[in-house]
Amino acid sequence: MALVDSIQWMQSGQQRIQSFAFVVSVCICVLLSCGFVLNVGAAGQASEIQLDSRINPNDAPAASLVRLSGIGPVRAAAIVAYRDSFSEKDGSARAFRDCNDLQNVKGIGPKTAQNISEWLKFD
């Protein structure tokens, strides 16, 4: 009888340990989930693209130009093509001296040039 009692006591101890471990695991999962939701919520507020530095359209690759608001892959390729053709015609001259020069590229109008002007530099 003593053997049966000690076995039952050990099993109940194991059940308590498992129950405690389960409760601790659930608490950790809830805390991690709350932290994830808060981080996702904060990231959702900053929906605009933030650039590390200004982009020079005279030498930036198309992949960098695509990061600008309103400039997709087609317009970025058009900027690079215009820049390359301009360089071939005038040698060492820069294709873009200011934002207004970007309007010479097909698909870029005054509004687009104005919207991206704060993200550009012309050296």
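Here, each number is a calculation from the coordinates, and none is a lab measurement. Bear in mind that the values here come from a model prediction, so they are computed numbers and not experimental data.
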For the range 62-119, fraction of C-alpha pairs farther apart than 19 Å, in %: 22
Residues with amide H under 5 Å from that of Ile55, placed H, sequence gap 5 or more: Leu120, Lys121
Under Karplus coefficients 6.51, -1.76 and 1.60, residue-wise ³J(HN,Hα) of the range 69-78 in Hz, glycine/proline x: 5, x, 10, x, x, 5, 5, 4, 5, 5
Net length gained if the chain between Ser19 and Cys34 were fully extended (0.36 nm per residue, minus Cα distance): 3.1 nm
